[in-house]
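No value in this document is a laboratory result; all are computed from the given coordinates. Note that the coordinates shown come from a computational prediction; the quantities given were computed from them, not determined experimentally. Ideal geometry is used to build each Cβ from the backbone, glycine not excepted, and the neighbour counts take in all protein chains shown.
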Amino acid sequence: MRIVLQILGILLLIPAIAYATLRFDNSSADGPSILFPGGKLVAGEMHTGPDPDWSFTDDVSTIELQLVDPESSRIIFIMESGGKVYIPSGYMRSTLGRIWKDWAFQADAGDGLAVARIDGKRYERQLIRIKEGPVLHGVAAKMASKYGGGATPEGIAASVQSFGDGNTWIFEMAPRGTTR
Amino acid sequence: MKTKTYLVVCVAVALAVSISILYIPGVSQYLEQTLLIFLSTNAR
């Protein structure tokens, strides 16, 4: 019996060590992988000047987003609405979400400074959480049409409901220096 | 196995896994792809 438990322990140890090592290995990389957060976004031209026409992000399914503090990056959805760009963070009321989406809590509690890399180009931004207002309807419509299979009234209403009850947080990726 | 031997085996296995992932090219990509396939197949 003892040897069986010992073998079981080793079999559990291997994936646990592998997971921890993969996460550690990626933590200093230039950008995230699909599963693990990355480090500081380094490669890519830094955008300067006025904001671009963000409608080009309609053809971009995911972007890389890095907080300035802490310097960690992840892959995330992006929605353009009304000439501005927004990013979502879901599962925010679940226990798993509180662990998984720690970046959203950090962005909301901290200064919100971030760098986004979109199609290989970097943009310095400031994350501002949007909790209410008509802008959320436009964001919900874009989210439903881009990621939810279609901007049906039911899909939009479900997204608005998710925003309202705090299960999904929406951040505007505003220009640096925007008042929060 | 005696406890001391078991702990030595655990440390050796942990080191072998970590070093393989960190220093053998392709191992980390392979493991991550495998994990991703597993999650996309089972996370419903």
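What to note about this one:
- Lysine pair number, Cα distance threshold 26 Å (strictly under), the protein assembly as shown, separation 8 or more or different chains: 16
- Coupling constants for region A:142-151 follow from the phi torsions by the Karplus curve (6.51 cos²θ - 1.76 cosθ + 1.60, θ = phi - 60°), and in residue order they are 5, 4, 5, 6, 8, 10, x, x, x, 7 Hz; glycine and proline get x.
- For the protein assembly as shown, the spread of Cα positions along the three principal axes, ordered from largest to smallest, is 66, 39, 30 Å.
- For region B:3-42, the fraction of C-alpha pairs farther apart than 10 angstrom is 72 percent.
- Sequence-distant residues sharing a close amide H with residue A:38 (under 5 Å, placed H): A:33, A:73, A:74
- Helical mean residue ellipticity (222 nm; -39500 (n - 2.57) per DSSP H run of 4+; nearest 500) of chain B: -28500 deg cm²/dmol
- Between A:71, A:80, A:132, the residue with the greatest mean-square fluctuation in the GNM of chain A (Cα pairs under 10 Å linked by springs) is A:132.
- Gaussian network model of chain A, Cα within-10 Å springs - most flexible of A:76, A:128, A:87: A:76
- Other residues within the sphere of radius under 14 Å centred on the Cβ of residue A:17, judged by their own Cβ, net out at 0 (K and R +1, D and E -1).
- Chain A, helix-only ellipticity at 222 nm - DSSP H runs n ≥ 4, -39,500 (n - 2.57), divided by all residues, nearest 500: -11000 deg cm²/dmol
- Mean-position separation - Cα centroids, region A:114-180 and region A:1-26, in angstrom: 39
- Mean separation of Cα pairs under 8 Å and 6 or more residues apart, divided by the residue count, gives chain A a relative contact order of 20 percent.
- Within the listed set A:142, A:40, A:121, the residue fluctuating most in the Gaussian network model of chain A (springs between alpha-carbon atoms under 10 angstrom) is A:121.
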